[in-house]
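Asks: Take a look at this one; I'll ask things after.
The values are calculated or read from the model by the stated rules, or taken from the named source; none is laboratory data. What you see is a predicted model, and the numbers here were worked out from it, not measured in a lab. Here Cβ is always computed from backbone atoms with ideal geometry, including for glycine, and neighbour counts include all displayed protein chains. Protein only, heavy atoms only, side chains kept; ligands, DNA and RNA dropped before computing areas. Shrake-Rupley method; radii C 1.70, N 1.55, O 1.52, S 1.80 Å.
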Amino acid sequence: MSFRIESTTNQQVENKPNPINQKIDRSFQSFLKESLQTQTPSTEMKISNHAQKRMEERGIELNQSDLTSIEGAVEELNQKGSKNSLIVYKDMAFITSINNRTIITAMNTDEMETITNIDSMKKIDN
């Protein structure tokens, strides 16, 4: 049996930070930044259960074109800083949470008498 011994070159070990000893930033700002990076804004309109029931009771139906028009109004109201808005579209009226992109309730325009707890109103022209 024969053995051959060769010289080896010195290999440098890369200095990597040890995750166990690594400092973790626990400040509010770091949590907020992380939350904003991982959260994707929802652009889809929702209709609450209450609004769905009211729409059924009143015979209000929305097609995709109607929803697109309402979504456009919600986006415009959002850019202006609105929170809860009355959106009037055709012969329908919707109380809408702009932040949540949710239709809260629905009615026909001839049913509107007193509307409370809104900060804005948008009429969508056909």
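Asks: Could you size up the charge dipole of the range 78-126 around its Cα centre, putting +1 on the beta carbon of Lys and Arg and -1 on that of Asp and Glu, and report it in debye to the nearest 20?
Replies: Its charge dipole is roughly 340 debye.
Asks: Right, something else. Give me the 1.4 Å probe accessible area per residue for the range 71-126, excluding ligands and nucleic acids, in Å².
Replies: Accessible area per residue: 55 Å².
Asks: Taking H placed 1.01 Å from N in the peptide plane, check which residues at least 5 places from Thr102 or on another chain put their amide H under 5 Å from its amide H.
Replies: Lys46, Ser97
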